[in-house]
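These notes are about the structure you will find just below.
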Amino acid sequence: MFSRSHFVSCAAALTLAASGWAQITPGQSAPMGGQSTGSVGMSQDQGRDAYSTDKDFIKSAAESSATEVHLGKLAQDRASSDAVKQLGKRMIEASAQTSEQLQKAAAALKIQLPADPPRKARKAEDKLAKLSGADFDLAYAKMAADEEKQVVRQFEREALSGTLPGVKEFASKNLPVERELERQAEDLAGAGAKTAASK
């Protein structure tokens, strides 16, 4: 299980990461080693942002957090099962904390994150809006499990391959929380599928 203090403890790491990012002007890349020979003969790696992995992580993790908050609210309103309502609540709490820290890092690093829920969240909401009762619960649990699977992959990739220590540490510290949410969602989705099959 996770706690609010677990997320708050990551704020310092992200603040450090953001201060490091703020020293890099937009479009500037960290030195890749060796002198540039000009655009002719320059390898693709030499022209690439050295911190693209971290930037991609911030963008994709923020999008996933927004999706989970959006769908978690729907689950709290529409789910027929208390267990599914609780999963929605846990997703909201965890994702809101993560999103808040990612927003701060993105602002410091001049990364633009969309204000509206991602398109995939709206598509999922449209699908869930047509369902009710146990059908809604099963569909939401499956969606939550699929989304968390992607989130876990994002956090694993950043924890392993990230360049900025603060962002990398944030991913590493929050990875157990994301894995636990994935397990809970998969358990609910599995239980719902068994119940549906037995009818």
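Once both labels are positioned 7 Å from their Cα atoms along Cα-to-Cβ, the gap between Asp146 and Glu180 label points is 2.6 nm. With a threshold of 32 Å on the Cα-Cα distance, the over-threshold entries among Lys55/Lys89; Lys55/Lys130; Lys59/Lys127 are Lys55/Lys130.
Can you compute the FRET efficiency between Asp56 and Glu93 using 1/(1 + (r/R0)^6), with r the Cβ-Cβ distance and R0 = 25 Å? Round to the nearest 0.05. Efficiency for this residue pair is about 0.50. A simple spin-label model places pseudo-atoms 7 Å from Cα toward Cβ; at Arg157 and Leu131 they are separated by 2.6 nm. Our estimate of slack between Asp49 and Ala83, defined as 0.36 nm per intervening residue step minus the Cα-Cα distance, is 7.9 nm. Expressed in Å, the radius of gyration and Dmax of the Cα atoms of the range 104-171 are 16.1, 45.
Kirkwood hydrodynamic radius, computed over distinct alpha-carbon pairs, for the range 142-199: how many Å, to one decimal?
Radius from the Kirkwood sum: 12.3 Å.
Could you list, bin by bin from short to long, the percent of Cα-Cα pairs of the range 53-199 in 10 Å steps? Percent of pairs per bin, in order: 12, 42, 30, 13, 2, 0. Take the Cβ atoms of Lys104 and Gln76, set R0 to 35 Å, and the FRET efficiency comes out at 0.85.
Spatial offset of the range 100-174 relative to the range 51-89 amounts to 6 Å, using the alpha carbon center of each.
Read the figures in this text as sums done on the coordinates, not as results from a lab. The shown structure was predicted, so the numbers you read here are calculated from the model rather than taken from an experiment. All Cβ positions, glycine included, derive from the backbone under ideal geometry; neighbour counts span all protein chains shown.
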